[in-house]
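This report refers to the structure that appears directly beneath it.
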Amino acid sequence: MSPRPQIDHIRRPQLLAAAAEVIAERGVAATRIADVAERAGTSAPGVLYWFDSKDQLLAEALTAAEDRFDESLTGRLEAMGGPGERLRLLIEASAENYDWTLWMELWTRALRDPRMRATRQRLDDRWRGQIAHDVRAGQAAGAFADHGPPERIALILASLLDGLALQATLGDPQVAPAQMRDLALEIVELLLGSELPPLSDQESAREREMLVEGE
Amino acid sequence: MPGDARERILEAACDLIASDGIDDVRIARVATRARASTALVHHYFSTREELLEQALLHSFETAGSERFAEDPDAEQSAARGVARAIEVCLPLPGSQERDWTLWVELWLRAVRDPALRPLAADLYGRYHDWFAGVIAPGLESGEFTSERSADELADLAIALLDGAGVRALIRDPRIDVERARELVAVRLAGELGVEPGSLRISGR
């Protein structure tokens, strides 16, 4: 049994969500533990009980944010018919979440901090693994042409999405989220030698809603 | 000459941002490295923030004018021009790696600072226009065959270079700079309807 009081098990996710918000707004350097505490409605010692440093807080906040993104996708992915639809959903969901601020924060810190580099690697491997999994399944089922190893296609797609998201985040008017999605879809369809089926009416209504909200 | 001192200060700031990270750069260390007094640094830059931002912009101005300059061999073929463009945009060891590190710092900075954003968007715009200008002659002459416009192809090239380049820069064990070059060249060659080998600078 953990000696920690029960209440802290509820606090931790709240702290991580608060940290993700504050860090995205101000950056790690300008974020004080007290700011995170205030956002989460607790005290600085209440934060420090869980996290030794701001870097640890960033690493865990980002991991938690990615976990939430994954969880929100899992249910929707399971409802999908096949790998083509699943890949399409992964791309559309990336365009929805086109604010890459926390990722940029992680890239910057990964340049100099081995622990942050390891965190970035783990999250990127997971994301690329998910793409590669669906590519492999589609190739095995004969739905996609065998144009190369799934890991390579995942690397191209992940790189492309990051690069496009960067342009969208920095406000290049030519690369709005909808264009980002369309360009990524066209390239991946080329790599798979197959068109990715459109999402069901219910899913596309949801995507349209999210894209409008994001603009 | 006063102009030289300002430039030396900016260069020193760039070196320190690249080696220590922007948050750990101190005016006193920039001054020492630039062989200037802190008073002189403050003469040119009223705040630390201003110095750091000017340093990031300076690095792109310098890198841009050096690398985006006309290639004397460009007339040989448009593919050769694209190959050279890929080459100068990768985080190769040395000055390109330093500039890349500053590039990543600028991305993050620009997202948070509304004042810096138009400047970053302008730099990105120039980067884009330059790349589109390298691709366009090949589309016009028929050396490249693509249904996409030079602008779309430039967006694509830059996205791949940034996405693959940042991974190589951070030492992703599954993609070094060689692999980043190959990934961009193969994908772009497919888009332009040319052999991937034609987008590689021979002898490398």
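The values are calculated or read from the model by the stated rules, or taken from the named source; none is laboratory data. In this text the structure is predicted, and so the values were computed from the model without any measurement. FYI the Cβ positions are ideal-geometry reconstructions off the backbone, even for glycines, and counts take in every protein chain you see.
Entry remark, segment B:4-34: residues being within 14 Å of chain A (Cβ to nearest Cβ), crowded, with 18+ Cβ neighbours inside 10 Å and part of a helix (DSSP H, G or I) number 4 in total. Filtering segment A:165-185 down to residues that are over 14 Å from the mean Cα position of the chain (by Cα) and at pLDDT 85 or above, which residue is nearest to the other protein chains (Cβ to nearest Cβ)? In this case the residue turns out to be A:LEU183.
Considering A:ARG115, A:ARG126, A:ARG136, A:ARG109, the condition of being of a type in the set (D, E, K, R), assigned by TED's automatic domain parsing to the domain that holds A:GLU189 and surrounded by 18 or more Cβ atoms within 10 Å (Cβ to Cβ) is satisfied by A:ARG109 alone. The C-beta contact set for segment A:29-47 (first residue assigned to a helix (DSSP H, G or I), second residue loosely packed, with under 14 Cβ neighbours inside 10 Å, distance under 6 angstrom, 6+ apart or interchain) comprises A:ALA37/A:SER43; A:ALA40/A:GLN14; A:ALA44/A:ALA34. Which residues, counting only those in segment A:76-116, are closer than 30 Å to B:GLY21 by Cβ and more than 14 Å from chain B (Cβ to nearest Cβ)? A:ASN97 - this is the single residue of segment A:76-116 that is closer than 30 Å to B:GLY21 by Cβ and more than 14 Å from chain B (Cβ to nearest Cβ). Every test in (1) modelled with pLDDT of 80 or more; (2) more than 24 Å from A:ALA158 (Cβ to Cβ) is passed by A:LEU111 save one, and that test is (2). Going through (1) at the interface with chain A (Cβ under 7 Å from one of its Cβ atoms); (2) farther than 18 Å from B:ILE22 by Cα; (3) at pLDDT below 95 one by one, B:ALA164 falls short only on (3). Among the residues of segment B:51-71, is there at least one that is within 14 Å of chain A (Cβ to nearest Cβ), of a type in the set (Gly, Ala, Ser) and part of a helix (DSSP H, G or I)? No: segment B:51-71 contains no residue that is within 14 Å of chain A (Cβ to nearest Cβ), of a type in the set (Gly, Ala, Ser) and part of a helix (DSSP H, G or I).
Output the residues belonging to segment B:170-185 that are crowded, with 16+ Cβ neighbours inside 10 Å and facing another protein chain (nearest Cβ under 9 Å). Within segment B:170-185, B:ILE170, B:ASP172, B:ILE175, B:ARG179, B:ALA180, B:LEU183, B:VAL184 qualify. Give segment A:48-65 a look and list any residue that's charged (D, E, K, R) and in a helix (DSSP H, G or I), or say none. A:LYS54, A:ASP55, A:GLU60 - these are the residues of segment A:48-65 that are charged (D, E, K, R) and in a helix (DSSP H, G or I). For A:ILE131, indicate whether it is modelled with pLDDT of 90 or more, farther than 21 Å from A:ALA20 by Cα, facing chain B (nearest Cβ under 8 Å) and surrounded by 17 or more Cβ atoms within 10 Å (Cβ to Cβ). For A:ILE131, the condition - modelled with pLDDT of 90 or more, farther than 21 Å from A:ALA20 by Cα, facing chain B (nearest Cβ under 8 Å) and surrounded by 17 or more Cβ atoms within 10 Å (Cβ to Cβ) - is not met.
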